[in-house]
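See structure below.
The values are calculated or read from the model by the stated rules, or taken from the named source; none is laboratory data. Quick caveat: nothing in here was measured; it's all calculated off a predicted structure. Counting neighbours? That spans all protein chains shown, and the Cβs are built from the backbone with ideal geometry, glycine included.
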Amino acid sequence: MPAPAPIAALEACSRDRPDRVLRLRGVLVSTGAVEEPYELLIYRGFSSSTTHPTGFDPDQPVLPAGVRIEAAELLAGPIDPAAEQVLAGPAPPGAFLDPAAWR
């Protein structure tokens, strides 16, 4: 099964902007209704979770079941943890489906 359309569309936008990283933040609701912080970075057409394992199979959804994405931030890339630059956000992830929002 391919990635959900919004994630695939965000990955496509990121391919054209190698100087940008999109950080999605939310929660993963696990068994017993326990909420864990969840973070996904999208950079150069790829997605990877910084808080949970990311599968190697590109045909599997990148977001595990139970993830609720709440906000997105556009960062200058590549990320420098000592001098992170937030360019836009937090905003709803859908705000970054427009390639113009990545400027």
Pairing a residue in segment 64-90 that is farther than 16 Å from E39 by Cα with any residue that is not in a strand (DSSP E or B), where Cβ atoms lie under 6 Å and the two sit 6 or more apart in sequence or on different chains, gives A76/Q85; G77/D19
Among the residues of segment 24-33, are any among the hydroxyl-bearing types (S, T, Y) and without any contact (Cβ under 8 Å) to a residue 24 or more places away in the chain? yes
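Among the residues of segment 54-72, are any assigned to a helix (DSSP H, G or I) and either surrounded by fewer than 14 Cβ atoms within 10 Å (Cβ to Cβ) or of a type in the set (S, T, Y) (or both)?
Narrowing segment 54-72 to residues assigned to a helix (DSSP H, G or I): none.
Checked segment 54-72: no residue is assigned to a helix (DSSP H, G or I) and either surrounded by fewer than 14 Cβ atoms within 10 Å (Cβ to Cβ) or of a type in the set (S, T, Y) (or both).
Yes/no per residue for (1) out of contact with any strand residue (DSSP E or B) (no Cβ under 9 Å at 6 or more places or on another chain); (2) outside any loop (DSSP other than H, G, I, E, B):
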residue	(1), (2)
G26	no, yes
V29	no, yes
G32	yes, yes
T51	no, no
Out of V34, V29, report the one residue that is modelled with pLDDT under 95, of a type outside the set (S, T, N, Q) and under 20 Å from P92 (Cβ atoms). V29
